[in-house]
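Novice: I have a structure here, written as structure tokens, and I will follow up with some questions on it.
Rule-based calculations on the coordinates, nothing more; no lab input. The structure displayed is predicted, hence computed values, not measured ones. Because the Cβ atoms are built from the backbone with ideal geometry, glycine has one as well, and the counts that use them run over all protein chains shown.
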Amino acid sequence: MTPKSQDRRTFIRTMAGGAMALGSSLAGLAGRSDGVPRPVQKDGMSFRPLGRTKILVSEISLGSSPLPAPELLREIIDRGVNYIDTSHNYDNGNAERQIGRLLKEVGRDKVHVATKFHVTARDTAESIVASVHGSLRRLATDRVDVLCVHGADSAGVLVDERVLAATERLKKEGAYIFRGLSCHENHREVVRQAVDCGLYDMVQLGYNVFDIQEPGRPVETYPDYLGASGIRDLLEHAHSRDVGVIAMKTLKVGGLRQDLDKYRAGAASVFQAMLKWVLDDGRVASAVTEILNRRQMEEDLGAAGAKLSAAERTALAELVRDRGTGYCHGCAECRRACPWGVATTAILRAYTYLESYGKGGRARAAYADLGPKERASACRDCGACERACPYGLAVRARVREAGRLLG
């Protein structure tokens, strides 16, 4: 949401200018002294190295919650997508099973696979190892390229003794090559710890065009919106230590794509422009997206190797101006401020799965994973969450609605 003193035209002009400045600086530096490599072009796809792993990953990578039909999945791989992100709990393990069948068909070396494990209070090193062994069985492979902590929401989980013991054992078994994590919330703390501890080769974090949105507090107007949100510093920190970055939540809507043609500029769809915006940052190796039909395949793969135009930047800034007031950036300031321990950020994410992604089952499962004292019913309506939110979200109303629909 914009500062009250800033009118619509100024907001759009400033945001577009700030985004353009970022893109220009990265484009000028790519492949030069800062070490940001130029993409490699091959057979219509662009590839970038995933940090120190040196894996060349396609600029567009595939999410698997859900996966497309098998014939379309094969075509996506044939078009150059070579990285699939999955997890033990996607579609009750069926996503991994489908990927396992794909690997048998196309060959294990044609696709890089990342899977994940959860860490809950009741988990042990043994249960984590068992979870990964289950993933390997479903994937019909003896190792994955990247093994990730799923949804790390605190710095502590990354160096948790259970996690370290399990991953060390799995490494000795040859169950994975590189270690990573996904982060949905509290990214400033989690990503910085992942980089600083030196144990993680890549991070996967939510990053999309809505991250140009300035916090709504009465502060001076910044031309550097990515700097204001803290994302730019995290990307630079990861890049400085050669930790690979994969962007998720790139379209903010998963596979459920609304009609946004009013924000279209030129031939590219709005969703293609959003992917181009993410990939405009050379420190991002790949953008994860869910592709469920042929139209989505064409628009998403069309973003690889393509440049974002000035007109598209301006149109995207207008989209953010109009649609950004309800978007949770996952900073977790509301959760830290809650005196009752309500898991506000996790609740808002579950609500987004239902509201924006159309994933009712996943939304209910995510909400059910919360403890009784973390759920919406524990809210005492004190308003501390909303006072802490930098973006002015109506946190309490959204938490209550999530509890009503998901509880």
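Novice: Are there trypsin sites (Lys or Arg not before Pro) in the range 95-159 that DSSP marks as loop and that have at most 11 other Cβ atoms within 10 Å, and which are they?
Specialist: Working: sites: Arg97, Arg101, Lys104, Arg108, Lys110, Lys116, Arg122, Arg137, Arg138, Arg143; in loops: Arg122, Arg143.
Here the trypsin sites (Lys or Arg not before Pro) that fit, given the DSSP loop and packing criteria, are Arg122.
Novice: Then there is this: From the backbone phi of the range 141-157, what are the Karplus-calculated ³J(HN,Hα) couplings (6.51 cos²θ - 1.76 cosθ + 1.60, θ = phi - 60°) in whole Hz, Gly and Pro given as x?
Specialist: Couplings: 9, 9, 7, 10, 6, 9, 10, 10, 6, 8, x, 4, 10, 8, 5, x, 5 Hz.
Novice: Once amide H atoms are built 1.01 Å from N in the peptide plane, which residues 5 or more positions from His88, or in another chain, come under 5 Å H to H?
Specialist: Lys116
Novice: Kirkwood Rh, the range 328-406, all Cα pairs: how many Å? Walk me through the intermediate numbers first.
Specialist: On the way: mean 1/r = 0.0822 Å⁻¹.
Taking the inverse mean of 1/r over all distinct Cα pairs, the range 328-406 comes out at 12.2 Å.
Novice: If I model a spin label as a point 7 Å beyond the Cα along the Cα-Cβ vector, how far apart are those points for Glu386 and Glu126 in nm?
Specialist: 4.9
Novice: Report ³J(HN,Hα) in whole Hz for each residue of the range 294-308, in order, from the Karplus equation J = 6.51 cos²θ - 1.76 cosθ + 1.60 where θ = phi - 60°; Gly and Pro get x.
Specialist: Taking θ as phi minus 60°, the curve returns 5, 4, 5, 4, 5, 6, 6, 5, x, 7, 5, x, 9, 9, 7 Hz for the range 294-308.
Novice: Further question on the same structure: Sticking with the crude label model, points 7 Å out along Cα→Cβ, report the distance from Lys172 to Asp196 in nm, one decimal please.
Specialist: In this crude spin-label approximation the distance works out to 3.0 nm.
Novice: Ok, one more. Give me, ordered by chain and number, the residues 5 or more places off Leu199 or on other chains with an amide H under 5 Å from its own placed amide H.
Specialist: Under 5 Å from the amide H of Leu199 lies no amide H from a residue far enough along the sequence or on another chain.
Novice: Check which residues have an amide H placed less than 5 Å from Val245's amide H, if you skip close sequence neighbours.
Specialist: Distant-sequence amide H within range of Val245: Gly51, Val203, Ala285.
Novice: So which of Lys116/Lys262; Lys110/Lys171; Lys42/Lys104; Lys104/Lys307 end up more than 28 Å apart by C-alpha?
Specialist: As for pairs spanning more than 28 Å Cα to Cα, those are Lys116/Lys262; Lys104/Lys307.
Novice: Let me ask something additional. Can you give the calculated 222 nm mean residue ellipticity of the chain, where each DSSP H run of n ≥ 4 adds -39,500 (n - 2.57) and the sum is split over every residue, rounded to the nearest 500 deg cm²/dmol?
Specialist: Working: 17 runs with 177 residues, N = 407.
Computed ellipticity for the chain at 222 nm equals -13000 deg cm²/dmol.
Novice: A further question on this structure: If the reach is capped at under 19 angstrom between alpha carbons, list the aspartates and glutamates near Lys172, excluding any in the same chain fewer than eight residues apart.
Specialist: Glu126, Asp142, Asp145, Asp160, Glu161, Asp201
Novice: For the chain, max minus min Cα coordinate along each principal axis, in Å, sorted largest first?
Specialist: 59, 51, 39
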